[in-house]
Amino acid sequence: QVHVVESGGGLVQAGGSLRLSCAASERTFSSYVVGWFRQAPGKERELVASRSWSGASTYYADSVKGRFTISRDNAKNTMYLQMNSLKPEDTAVYYCSAKMGGSYYSSRGYRYWGQGTHGTVSS
């Protein structure tokens, strides 16, 4: 059982940046595919970025390409989402998640979820 906890959300003006962190309880976290999802009010949850267990492959939703960067520090059992050039439409609750196996570019199969952290971008 992997427990993950997000932090780093907040309020920022359009064009600003936020860095989200996700700390995992399991030292084998490095073996998991990890992803960041978000859910905006009235919308379905969507996968915005993910990274393979090796870190060699990443996926980004078209809406965030070139602005968001997913990274992980396996020594710290932590992953990050650096969000730059933020837009009001990026406002959402952001969740980190992990799965053992499966494709890094697929939103399916994620089993371990955090409680979410709010990111609000004002215009």
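Tabulated data for the structure shown
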{"quantity": "Matching option when the condition is in contact with a strand residue (DSSP E or B) (Cβ under 6 Å, 6 or more places away or on another chain) and within 14 Å of ARG45 (Cα to Cα), among SER107, SER122, SER71", "calculated": "SER107"}
{"quantity": "Inter-residue pairs, beta-carbon under 7 Å, first farther than 26 Å from MET100 by Cα and among the aliphatic types (A, V, I, L, M) and in region 1-30, second open to solvent by 30 Å² or more (accessible area, probe 1.4 Å) and outside any strand (DSSP E or B), 6+ apart", "calculated": "ALA14/LYS87; ALA14/PRO88; ALA14/SER123; LEU18/GLY8; LEU18/GLY9"}
{"quantity": "Residue within region 57-70 that is closer than 17 Å to THR117 by Cα and among the hydrophobic types (A, V, I, L, M, F, W, C) present", "calculated": "yes"}
{"quantity": "Qualifying residue in region 13-25 (condition: of a type in the set (Lys, Arg) and surrounded by fewer than 21 Cβ atoms within 10 Å (Cβ to Cβ))", "calculated": "yes"}
{"quantity": "Test for LEU11: is it in contact with a Ser or Thr (Cβ under 6 Å, 6 or more places away or on another chain), farther than 21 Å from SER122 by Cα and not acidic (Asp, Glu)", "calculated": "no"}
{"quantity": "Scan of region 1-12 for residues that are in a strand (DSSP E or B) and open to solvent by less than 50 Å² (accessible area, probe 1.4 Å), ordered by number", "calculated": "VAL4, GLU6, GLY10, VAL12"}
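The values are calculated or read from the model by the stated rules, or taken from the named source; none is laboratory data. None of the values given here were measured: they were computed from a predicted structure. Because the Cβ atoms are built from the backbone with ideal geometry, glycine has one as well, and the counts that use them run over all protein chains shown. For accessibility, only protein heavy atoms count, side chains too; no ligands or nucleic acids. Shrake-Rupley method; radii C 1.70, N 1.55, O 1.52, S 1.80 Å.
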